[in-house]
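Structure record follows, encoded as structure tokens.
The values are calculated or read from the model by the stated rules, or taken from the named source; none is laboratory data. Please read all numbers here as calculations on a predicted model, not as lab measurements. Counting neighbours? That spans all protein chains shown, and the Cβs are built from the backbone with ideal geometry, glycine included. Quick note on the areas: whole protein, heavy atoms, side chains included, nothing else; ligands and nucleic acids left out. Shrake-Rupley method; radii C 1.70, N 1.55, O 1.52, S 1.80 Å.
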Amino acid sequence: MALAFAAAEAAGARGEVPIGAVVVDPAQGVLAAAGNRVEEDNDPTAHAELLAIRAAGARIGAPRLVGCDLYVTLEPCPMCATAASFARLRRIIFAAYDPKGGGIEHGPRVFCHPTCHHRPEVVGGVEAARAETLLRGFFAVRR
């Protein structure tokens, strides 16, 4: 989670919403880390989770990340939760809950639908206060 926070802080320093994500393979270690690049890339899909999943897949040369874990500083949105399911991630560990935009514990609860073919284990609230402080600080300056 420390690497995810480092990626989030770097994203915030670039003017991006400070969210970071890391894909870890228990056997190989860290496969990829990324922070949001939505503004920088002019890409609404350039969320930290998607960037990390894409980079991890490219690194191992496979579209599925079976046995890998995703660490992220905020509850993934529905798009990122669906991508995690498609990537066949083993586990998602996230920091802060996202009542407005989350897609796992809030909103559409992607993994609860019978049409969801793969449901990773989910652990939420890990270092939530740290993530909430980072996000509040970022938005306080902009509002």
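Calculated mean residue ellipticity at 222 nm for the chain: -11000 deg cm²/dmol, from DSSP H runs with n ≥ 4 weighted as -39500 (n - 2.57), summed, divided by the residue count and rounded to 500. Accessible surface area normalised per residue over the chain is 49 Å², counting heavy atoms of protein chains with a 1.4 Å rolling probe.
Putting +1 on Lys and Arg Cβ atoms and -1 on Asp and Glu Cβ atoms, find which of ALA10, LEU31, ALA140 reaches farthest to the positive end of the dipole of the chain. Selected residue: LEU31.
Once divided by 2.2 N^0.38 Å, the Cα radius of gyration of the chain becomes 0.96. Using only alpha-carbon positions in the range 80-143, the gyration tensor eigenvalues give semi-axes of 26, 13, 9 Å once each is multiplied by 5 and square-rooted (largest first). Measuring r between the beta carbons of ARG142 and ARG64 and using R0 = 41 Å, the FRET efficiency lands at 0.65.
Of the residues THR45, THR82, THR133, the one that moves most in a GNM of the chain with alpha-carbon contacts below 10 Å is THR133. Residues of the range 81-112 with amide nitrogen under 14 Å from the 7 Å Cα-to-Cβ point of LEU3? Label zone hits: 93. Once C-alpha pairs closer than 8 Å and six or more residues apart are averaged by separation and normalised to the residue number of the range 9-84, the relative contact order reads 31 percent. Put one equal scatterer on each alpha carbon of the range 1-78, apply the Debye formula with no solvent term, and list log10 I(q)/I(0) at q = 0.20, 0.25 1/Å to two decimals. Scattering profile of the range 1-78, log10 relative to I(0): -0.78, -1.12. Antiparallel beta bridges, as assigned by DSSP with both residues in the chain, represent about 55 percent of the total such bridges.
With both labels modelled 7 Å from their Cα along Cα-to-Cβ, the THR133 to ARG91 distance reads 2.5 nm.
What part of the accessible area of the chain, given as a whole %, is carbon or sulfur when the probe is 1.4 angstrom?
Here it works out to 56 percent.
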